[in-house]
Amino acid sequence: MNPFWTQIIIQTTLKHKRDKEDKDKKYSDYELAKGLREFRISVVRHIQDFALITLGIFSAAFGFKGFLLTNRFIDGGATGISLLISVLSSIPLWVLIICVNIPFIILAFNTISKAFAIKTILAISGLALVLATVTFPDVTKDNLLVAVFGGFFLGAGIGLSVRGGAVIDGTEVLAIF
């Protein structure tokens, strides 16, 4: 194994405290194998989280732009407040989604964890970016179908994001807390 990668694995996964006398410690093959296994598991988990959050962002954006926004339906929570302000003013929705969610991100940072807050920042920013740049077709004009399928895709997006370790609506921070 490459010594560079061995050192990274040791530093990130074995988490031994580096005292002055422990700095030149030689690790056994078992410790290195254990560290490599933990490192691989960590990398796979991060990739899965990224994929789930990305799918959640696109599902929620499709629910918003394909069903709810085009038929003038409004969601609840921080995103609903953003939708309402966007309808009443000329401020773009993607800007409002970021601004309205800032207090909830601060709350997540202080109460839940730093990693959760960082994932949430990235997820909310990703949702805002997708809403600003990606176009979705207007699927239907039937109010019942709009409510059912818009809610389904939005709920699926929220669920996938939560499963990935983030939220795409600030009020979900309160639910997780």
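The values are calculated or read from the model by the stated rules, or taken from the named source; none is laboratory data. Every value quoted in this text rests on a predicted model; they were computed, and no experiment measured them. For neighbour counting, all protein chains shown are included, and Cβ atoms are generated from backbone atoms with ideal geometry for every residue, glycine included. In case anyone asks, the SASA skips ligands and DNA or RNA and just uses the protein heavy atoms, side chains included. Shrake-Rupley method; radii C 1.70, N 1.55, O 1.52, S 1.80 Å.
A few remarks follow.
- Elements of type helices (runs of 4 or more DSSP H) contained in segment 112-177, each with 2 or more residues being under 23 Å from Ser42 (Cβ atoms) and either of a type in the set (Asp, Glu) or open to solvent by less than 40 Å² (accessible area, probe 1.4 Å) (or both): 114-133
- Here segment 55-95 is the region considered, the condition is being hydrophobic (A, V, I, L, M, F, W, C) and not in a helix (DSSP H, G or I), and the residue that is surrounded by the most Cβ atoms within 10 Å (Cβ to Cβ) is Phe73.
- Any hit, segment 86-104, residues being farther than 24 Å from Phe153 by Cβ, within 19 Å of the chain's Cα centre (by Cα) and small (Gly, Ala, Ser): no
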